[in-house]
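All remarks here apply to the structure that follows.
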Amino acid sequence: MSFVVRRKGLTLFDWVNYSLVMLISLACIFPFLYVFSVSFTDPQVYVPLKFYLFPEKWSLESYRYILSTNSFLNSLKSTVFITVVGTILNLIVSFTMAYGLTKKSLPGHKWMMGLVIFTLVFSAGIVPNYLLVKELGLLNSYWSMIWPNLTNAWSLIVIKSFLESLPAELEDSGKIDGCTDFQVFMRIVIPLSMPAIATFTLFFAVGHWNAYFNALIYLSDSSKWTLQLLIKTLVIDSNSVAVAQAGASDENVVPQETIRMASIVLAMLPILLVYPFLQKHFAKGVMLGSIKG
């Protein structure tokens, strides 16, 4: 005889648990609502140090102003270039190297895999990395944000695990049909790896888009600053906004706080727009390769 225990309602623990989750969610959502509401608030009715859950009067004046400045447009151009080129190179290097590491017959396989795991545990540090970039002549160049970060150990291990989960018989059938290793990789492995490619495209793109520290130490020319550096300057250094508005008349001056919030929204917007298109592949790409049997 078996007994089935049916729950007729929520227990006190469930109510407490759900209530805590709701409070934490609201605590995370309110800052975003404040940023959005301030950025869309009309400068004529904006009151400093006042909490805005929704704009009292909607306006795009802050966005018009920030999009008309050369500093924002230059930083946007820099960030887009670094993100697009860096993500493409990340995918090429990561998937080709991970595919090579799946071949145990490759000469030096254990040695190369050992180096990957070693870099996962130990890193050179900030000063050696800076000296390396300097000796390569990459300082104050967009490539200083790309070449040193073509791949990483964690990505290689996860992608390698995913590729090993693909049936080996597919590669064997391709070779029987006369395909070379490169053709097998391009015509069989890559099409089957689209969920993983979509997932790591998002990972790499977000990493490049939000890159801050490397840009801070490698890019000294303000015309090559990324969006994150510009936002740091706008949020922390209040004089930067005042200097940018020095040539404007008093009636056309936009409040500094609305400019800051508008720049933050513009920096978040591209990733928020791209994520829904990759979401259907995201969960599948993360889970594939995690279990082998």
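The values are calculated or read from the model by the stated rules, or taken from the named source; none is laboratory data. Fair warning: this is a prediction, and the values are worked out from it, not measured in the lab. Protein only, heavy atoms only, side chains kept; ligands, DNA and RNA dropped before computing areas. Shrake-Rupley method; radii C 1.70, N 1.55, O 1.52, S 1.80 Å.
For the range 68-200, what does the alpha-carbon gyration tensor say about shape, rounded, prolate or oblate, given a ≥ b ≥ c as the root eigenvalues, a/c under 1.5 as rounded, and a/b over b/c as prolate? Oblate shape, in that a/c is at least 1.5 and b/c is the bigger or equal ratio. According to the calculation over all Cα-Cα pairs in the range 141-226, the P(r) per 10 Å bin from zero is 14, 34, 25, 17, 8, 1 %. Between Trp225, Trp147, Trp15, the GNM of the chain built on Cα springs shorter than 10 angstrom shows Trp15 fluctuating the most.
Computed on protein heavy atoms with a 1.4 Å probe, the accessible areas place Leu163, Leu76 in the order Leu76, Leu163, largest first.
Shown for the chain: the carbon plus sulfur share of the solvent-accessible area, taken with all protein chains present and a 1.4 angstrom probe, equals 69%.
Would you kindly state how much longer the chain becomes between Leu166 and Leu115 on full extension, computed as 0.36 nm times their sequence separation minus their alpha carbon distance, in nm to one decimal?
Values: separation 51, 0.36 × 51 = 18.36 nm, distance 2.44 nm.
Full-extension gain reported as 15.9 nm.
For the chain, what is one quarter of the convex hull surface built on the Cα atoms, given in nm²? Mean shadow area of the hull around the Cα atoms is 25.3 nm². Report the residue, chosen from Ile82, Ile188, Ile197, that carries the largest GNM mean-square fluctuation when the chain is represented by alpha-carbon nodes joined by springs under 10 Å. So, out of Ile82, Ile188, Ile197, the one fluctuating most is Ile188. In angstrom, the C-alpha Rg and Dmax of the range 94-153 are 14.1, 42. Heads up, I need the accessible area for Val127: 1.4 angstrom probe, whole protein in place, Å², nearest 10. Around 100 Å² of this residue is reachable by solvent.
With a 1.4 Å probe rolled over the protein heavy atoms of all chains, the accessible area of Met113, Met145 falls in the order Met113, Met145, largest first.
The Rg/Rh ratio for the range 59-121, using Cα coordinates for both the radius of gyration and the Kirkwood hydrodynamic radius, is 1.36. Anisotropy class assigned to the range 1-158 is oblate, per the alpha carbon gyration tensor with a/c at or over the 1.5 cut-off and a/b no larger than b/c. Computed with a 1.4 Å probe on the full set of protein chains, the accessible area for Val274 sits at about 70 Å². With contacts taken as Cα pairs under 8 Å at a separation of at least 6 residues, the chain carries a relative contact order of 29 percent.
Using 0.36 nm per residue and subtracting the Cα-Cα separation, the extra length available between Asn70 and Asn17 on full extension is 14.2 nm. Computed with a 1.4 Å probe over protein heavy atoms only, the accessible surface of the chain comes to 62 Å² per residue. Please work out how much accessible surface Lys224 shows to a 1.4 Å probe, ignoring ligands, DNA and RNA, in Å² rounded to 10. Probe radius 1.4 Å; accessible area of Lys224 about 60 Å².
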